[in-house]
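Remarks on the structure that follows.
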Amino acid sequence: MSATTHAYDLTRLAATAAASKKGSELVAFDVSEQLGITDVFLIVTCSNERQVGAVVDAIEEQLLAQGIKALRREGGRENRWVLLDYNDVVVHVQHEEERRLYALERLWRDCPRLDLSGIEAPVDDDSEESPEAGLLKGERPGA
């Protein structure tokens, strides 16, 4: 039995929220054949504890806006590895050091990966320079 459509949709919502806060290395595994307790593991990497907290908050807010509340949240005090349990989907938001140390991908590599294509961190709005940006670089107005 493979992951349900609901689990897949929930995974994409959570992944999109994580990417909006620049969560990286997003990978999702269909673990429904190996585990009877959930369908999908979503793993997200963050570069620091503050970002872990921001990604977790974004995921919770996005899913709560859809009427979906986490059954359990663990690890929020240290913000090194936070687990969000949504029953059909378990989200692991990990600091990059924990991601390398625990290597969840290695543990679940035999499980099918879910397609998360098209989910990326948003492009910074600063990419288009405003006239004020030039002033910050020392340019003269109108030059």
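Read-outs: derived from the displayed coordinates by stated rules, not from any lab. Just so it is clear, the model here is predicted, and its values are computed rather than measured. No Cβ is skipped: glycine too gets one built from the backbone with ideal geometry, and neighbour counts run over all protein chains shown.
What does the extension gain come out to for Leu71 and Leu116, with contour length at 0.36 nm per residue minus their alpha carbon separation? Don't skip to the answer; put the middle values down first.
Working: separation 45, 0.36 × 45 = 16.20 nm, distance 2.36 nm.
Taking Leu71 through Leu116 to full extension adds about 13.8 nm, to one decimal.
Could you tell me the extents of region 5-136's C-alpha atoms along the three principal axes, largest first, rounded to whole Å?
That works out to 59, 31, 27 Å along the principal axes.
When the expected Rg is taken as 2.2 N^0.38 Å, what fraction or multiple of it is the alpha-carbon Rg of region 1-77?
Region 1-77 yields a ratio of 1.09.
So between Gln34 and Asp9, what do we pick up on full extension, going 0.36 nm a residue minus the alpha carbon distance?
Value of the extension gain: 7.0 nm.
Arrange the following residues from fewest to most other Cβ atoms within 10 Å of their Cβ: His92, His6.
With the sparsest Cβ surroundings first, the list reads His6, His92.
How many percent of DSSP beta bridges within region 5-136 run antiparallel, rounded to 5?
Rounded to the nearest five, the antiparallel share is 65 percent.
Expressed in nm to one decimal, what extension gain is obtained for the pair Asp57 and Ala103 from 0.36 nm per residue of sequence separation less their Cα-Cα distance?
Gain in length upon complete extension: 14.2 nm.
As a footprinting exposure proxy, order Cys46, Cys111 by other Cβ within 10 Å, with the fewest listed first.
Neighbour counts put them in this order, fewest first: Cys111, Cys46.
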